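Engineer: Encoded as structure tokens, here's the structure I'll be asking about.
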Amino acid sequence: MITKHADFPMEHVEEKKFKTMYIDESDYKGYLSQIHIIKANQPKRPDDEDYIETAGSGCKWLEFYPENSNIAMTVGYDKENNILDWYFDVINKVGIENNNPYFEDLYLDVLMTPDNKIRLLDEDELEEALNQNDITKEQFDLAYNEVKKLIKRIDGKVNELTEFANKYFERINLIGIIKDEDIGENSVAVEDFRQRYGARGIIIKEDGKIAVFNKQAKNEYKLPGGGVEGKEASSEAFKREVFEETGCKVEIIDFLGTIEEIKTKDSFKQMSYVYVAKVVEDTKALHVTEQEAKEGARLFWETPEKALELITESFDKIVASPCEEDGASVYHTKFIVKRDKKILETYLKTC
């Protein structure tokens, strides 16, 4: 029986990052791992109309190695964090070796795509394993029984599978959590939070300088970004917000991670997807809102180190927005500054 590890040599992949953690939640218990492919030279396969590019530069493999289950799952993400497919392995058991989860493979696999197409794979390998006494007849039957149950369970459940995968994608890529205590406030008890998603990050010009958005009236310095609208993909929201705040059209080159804000005074949580992108066209025209214009919105290009200095120093200088009478903007802005400081610190550690 073949043993497959979560972190394994990948053909055509020149550079990758791997991380793993143990999860003990009501909806999942077991090992969670991720392979982030930084650089790859995956050859194209135009002869295979069903081929999906899952091992190219920027792709991520989110791997679930559950306890007490005969199914392991790998979710493929593209460089903009859109799900490409779900790959299910029928397995005998899960283990851990040198902080690298593994499973004993029972050969039979199932592939599912976001359009709900389901394919059964590697029946020939299962037959060969039985004929060579690599597996028993009981394990052969187990593989087919598990596949039948799996297909019945996942058919038509793309939305549920997406929600589940993205929940743990956010978990394993978490940069940090910004709470009331991080801005000098005390948390209050909250029964129910409103949830919002955002997209923001590092925008780089050819000279290596990055975009810093400033609102003079508030003494605020921040990174470009904003909220995700409706069913908009986080990557598309990121590019839209960047264009509005910087006038730049960008290409995403990396995914830095996720960062969460928990504002108990607003009963509000925001999870932001953080990207790194390069400028492909600078229109030099900002498209700010009326309120941002009144707050003196302007754009700077600074070295990452200088940008971190500006953002860090602005925290103690923040004042209320002239557009908000109750002064609540100080509370909100301090979250923004702390969040973006954490993002920049993470970027400088990894770049």
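Engineer: Against the condition loosely packed, with under 13 Cβ neighbours inside 10 Å, under 29 Å from Glu244 (Cβ atoms), modelled with pLDDT of 95 or more and within 28 Å of the chain's Cα centre (by Cα), how does Glu163 come out, does it pass?
Structural biologist: When the stated conditions are applied, Glu163 passes them.
Engineer: Among Ile177, Ile202, which is within 28 Å of Ile35 (Cα to Cα) and surrounded by 19 or more Cβ atoms within 10 Å (Cβ to Cβ)?
Structural biologist: Ile202
Engineer: Further, regarding this structure: For Glu128, state whether it is surrounded by 15 or more Cβ atoms within 10 Å (Cβ to Cβ) and either in contact with a helix residue (DSSP H, G or I) (Cβ under 7 Å, 6 or more places away or on another chain) or over 30 Å from Tyr197 (Cβ atoms) (or both).
Structural biologist: no
Engineer: Next question. Going by the structure shown, is Arg196 in contact with a Ser or Thr (Cβ under 7 Å, 6 or more places away or on another chain), in the same structural domain as Lys278 (by TED's automatic domain parsing), of a type in the set (Lys, Arg) and within 12 Å of Glu261 (Cβ to Cβ)?
Structural biologist: No, not satisfied.
Engineer: Also: State whether the residues of the range 105-120 include one that is closer than 27 Å to Thr20 by Cα and among the charged types (D, E, K, R).
Structural biologist: For the range 105-120, residues closer than 27 Å to Thr20 by Cα and among the charged types (D, E, K, R): present.
Engineer: For residues in the range 131-156 being of a type in the set (A, V, I, L, M), over 31 Å from the mean Cα position of the chain (by Cα) and part of a helix (DSSP H, G or I), which is farthest from Ile2 (Cα to Cα)?
Structural biologist: Filtering first and then ranking leaves Leu142.
Engineer: Before we move on, is Val75 farther than 23 Å from Ala233 by Cα, outside the structural domain of Arg200 (by TED's automatic domain parsing) and in contact (Cβ under 8 Å) with a residue 40 or more places away in the chain?
Structural biologist: Considered against the rule, which asks whether it is farther than 23 Å from Ala233 by Cα, outside the structural domain of Arg200 (by TED's automatic domain parsing) and in contact (Cβ under 8 Å) with a residue 40 or more places away in the chain, Val75 comes out as no.
Engineer: Looking at the structure I just gave you, is Tyr168 surrounded by fewer than 16 Cβ atoms within 10 Å (Cβ to Cβ), of a type in the set (Phe, Trp, Tyr), in contact with a strand residue (DSSP E or B) (Cβ under 9 Å, 6 or more places away or on another chain) and not assigned by TED's automatic domain parsing to the domain that holds Thr289?
Structural biologist: Criteria not met by Tyr168.
Engineer: If the requirement is being assigned by TED's automatic domain parsing to the domain that holds Lys341, more than 19 Å from Ala307 (Cβ to Cβ), free of Cβ contacts under 8 Å to residues at least 40 places away in the same chain and not acidic (Asp, Glu), which of these qualifies: Lys249, Lys269?
Structural biologist: Every option except Lys249 fails the conditions.
Engineer: Follow-up. Quick check on the range 187-227: of everything there that is touching a Gly at 6+ places or on another chain (Cβ under 6 Å) and not in a strand (DSSP E or B), which residue is nearest to Leu286 (Cα to Cα)?
Structural biologist: Looking at the filtered set, the residue picked out is Gln216.
The values are calculated or read from the model by the stated rules, or taken from the named source; none is laboratory data. Just so you know, these numbers come straight off a predicted model, no measurement behind them. Reconstructed Cβ throughout: ideal geometry from the backbone, glycine too, with neighbour counts over all protein chains shown.
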